[in-house]
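To start, the structure itself, in structure tokens.
The values are calculated or read from the model by the stated rules, or taken from the named source; none is laboratory data. Given the structure is predicted, the values throughout are model-derived calculations rather than measurements. Note: ideal-geometry Cβ built from the backbone for every residue, glycine included; neighbour counts use all protein chains shown. These area figures cover heavy atoms from the full protein model, side chains too; ligands, DNA and RNA do not enter into them. Shrake-Rupley method; radii C 1.70, N 1.55, O 1.52, S 1.80 Å.
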Amino acid sequence: MSPEHVIAEFRELYGTEPEGVWAAPGRVNLIGEYTDFNDGFVMPLALPHTAQAAVARRTDGVLRLHSGDSEEGVTEIHVDDLKPPSCDGSWWTYLAGVVWALCEAGHEEAAGGADVHLRSTVPTGAGLSSSAALEVSLGLALTELHQLPLSRPELALICQRAENAFVGVPCGIMDQTASACCEAGHALHLDTRDLTRRQVPFDLAAQGLALVVVDTRVKHALGDGAYAERRAGCEEGARLLGVTHLRDVPYGQLDAKLAELDDERVRRYVRHVLTDNHRVEQVIAHLDAGDTRAIGPVLTEGHTSLRDDLRISCPELDLAVEAANAAGAYGARMTGGGFGGSAIVLVEESAVADLTRAVEAAFEAAGHRSPRVFPVTPAAGARRLS
């Protein structure tokens, strides 16, 4: 959808002109899952799919929020009435949370309120960070409109605070940083401990490759407690091993450290985090060496760990990975929070159509809902459109 269309909808909705339109993308995570809240490594890339926010400032403290993708009308609330946690789960809480988090951080300019109209092409519930796209689109709009002294990483932290404290989802920093900081044609190597970033060239087309997303259409909800349970289990593992975060456990000590853990569930979680941090390093080494195809088996190993150790996969995700690899993919894995959502597949560009047919046929044979299969290229992070 064009920004001009979003502007026209804003004008019809509120009877005034927006001050601009800002866009922020969803993301796929190439490798490094459930590692961000363990101070570990992740490697996301931004999607071409974005949330667009048309925004105008107010001075009366009223926040009016509307999504053209929802059947709900305008949600109106006074900024002074924003109280965490919302525990509502509605789309608008992610936006209200950003305003609350800005005010909490001392940026009182945001307390004046705003009129906001949204449109998003990021699939919801697909593990592609649709919520981070909402947060960052409004966060960047208010940052620029109020000329707030926030860098992109600082903006990401504000948006994470909104999701953690206001919405009540204990996510790490990856999604918001990817949406705010990714660059076109690159994957983002992020150290979540100190937020140092490296843009890693990831030009698949130049090598005749494609990255394909398989949206299983199985909806997941990270606020249902399963994500929080695994985070708590990781934190328990760190405590038992005498470290602040699992990042502090060297990969070379994996077997010895696992032997110290009696709780089988915690042991599985710790094994996943340590091995997935190592997989990020492997992927970086392959990409730096110019051998992109070699990352395929690493992706599949990551899925096995997510399925067996973290246990956040589902039959549809497992089938997507199995069918893709059987059809000749270099590798595949689920991406995102799990319990549904999407898988990513590395495949020859010339084989995308055949792979799509193979995955769709496998889903039909299993009696699953037809998946949505589409290639993606690394896109730009949040920016002003109009």
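Residues that are in contact with a Lys or Arg (Cβ under 7 Å, 6 or more places away or on another chain), at pLDDT 95 or above and over 27 Å from GLY233 (Cα atoms): does the range 33-44 have at least one? No, the conditions are met nowhere in the range 33-44.
Can you pull out every residue in the range 64-86 that is part of a strand (DSSP E or B) and either charged (D, E, K, R) or within 23 Å of GLN160 (Cβ to Cβ) (or both)? Break it down into steps so the answer makes sense when it comes.
Here is the first cut: in the range 64-86, the ones part of a strand (DSSP E or B) are 64-67, 75-78.
Hits for the range 64-86 are ARG64, LEU65, SER67, THR75, GLU76, ILE77.
Of the strands (runs of 3 or more DSSP E) entirely within the range 319-386, those holding at least 2 residues that are surrounded by fewer than 24 Cβ atoms within 10 Å (Cβ to Cβ) and either small (Gly, Ala, Ser) or at pLDDT 95 or above (or both) occupy 372-376. The set of residues in the range 126-141 being in contact with a Ser or Thr (Cβ under 8 Å, 6 or more places away or on another chain), of a type in the set (Ser, Thr, Tyr) and part of a helix (DSSP H, G or I) consists of SER130, SER137. Residues in the range 250-283 that are part of a loop (DSSP other than H, G, I, E, B) and open to solvent by 50 Å² or more (accessible area, probe 1.4 Å): PRO250, ALA259, GLU260, ASP262, ASP263. The number of residues in the range 87-125 that are farther than 18 Å from MET1 by Cβ, part of a loop (DSSP other than H, G, I, E, B) and in contact with a helix residue (DSSP H, G or I) (Cβ under 7 Å, 6 or more places away or on another chain) comes to 2. Screening the range 206-229 for residues that are at pLDDT 95 or above and touching a helix residue (DSSP H, G or I) at 6+ places or on another chain (Cβ under 7 Å) and picking the one that is most open to solvent (accessible area, probe 1.4 Å) gives GLN207.
Under 30 Å from LEU287 (Cβ atoms), assigned to a helix (DSSP H, G or I) and not aliphatic (A, V, I, L, M), is that true of CYS159? Against the criterion (under 30 Å from LEU287 (Cβ atoms), assigned to a helix (DSSP H, G or I) and not aliphatic (A, V, I, L, M)), CYS159 qualifies.
Candidates in the range 299-328 are the residues that are touching a strand residue (DSSP E or B) at 6+ places or on another chain (Cβ under 7 Å) and touching a residue at least 60 places away in the same chain (Cβ under 8 Å); of these, the one that is farthest from LEU47 (Cα to Cα) is LEU306. Scanning the range 105-126 for residues that are open to solvent by less than 20 Å² (accessible area, probe 1.4 Å) and either more than 16 Å from SER70 (Cα to Cα) or of a type in the set (Asp, Glu) (or both) turns up ALA110, GLY112, GLY113, ALA114, ASP115, ALA126.
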